[in-house]
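S.K.: What follows is a single structure, and I will ask about it in a moment.
The values are calculated or read from the model by the stated rules, or taken from the named source; none is laboratory data. Quick caveat, the model's predicted, so the values are computed rather than measured. Cβ placement follows ideal geometry from the backbone for every residue including glycine, while neighbour counts extend to all protein chains displayed.
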Amino acid sequence: MSIMLLVHIVVALASLVFTLFTCLSPSVRKLTVSYGLTAATLSSGTYIVLSTHASLTQACTTGLVYLGVMTAAVMAVRYRLARQIN
């Protein structure tokens, strides 16, 4: 197992946990960190696929599921933040 794959998995799990935590206690700063962790996960996944010539179909399917979950969570956070402001 390469170190990059380990970093990718840790960052992906951290982004999921942190974003779900952010849903419970939303703030703009936490939302920004969630965006950064999501971008880091997508970047490291892209790097792994390009550098190892991994199966693009499986990587894209998993990436789309991850991105769908993260998008739903971030939208929930943004909605809760908007309600706090109004």
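S.K.: How about the stretch 53-70: which of its residues are in contact with a helix residue (DSSP H, G or I) (Cβ under 9 Å, 6 or more places away or on another chain) and either of a type in the set (Phe, Trp, Tyr) or free of Cβ contacts under 8 Å to residues at least 40 places away in the same chain (or both)? Spell out how you get there, then give the answer.
M.R.: Going through the stretch 53-70, the residues in contact with a helix residue (DSSP H, G or I) (Cβ under 9 Å, 6 or more places away or on another chain) turn out to be 54-56, 59-60, 62-63, 66-67, 69-70.
Selection gives 54, 55, 56, 59, 60, 62, 63, 66, 67.
S.K.: All but one of (1) assigned to a helix (DSSP H, G or I); (2) surrounded by 15 or more Cβ atoms within 10 Å (Cβ to Cβ) hold for residue 32, so report the exception by its number.
M.R.: Residue 32 satisfies every listed condition except (2).
S.K.: Filter the stretch 36-58 for residues that are within 16 Å of residue 13 (Cα to Cα) and surrounded by 14 or more Cβ atoms within 10 Å (Cβ to Cβ); which is modelled with the lowest pLDDT?
M.R.: So the residue we want is 45.
S.K.: Residues of the stretch 1-59 being farther than 28 Å from residue 78 by Cβ and among the basic types (Lys, Arg), which ones?
M.R.: none
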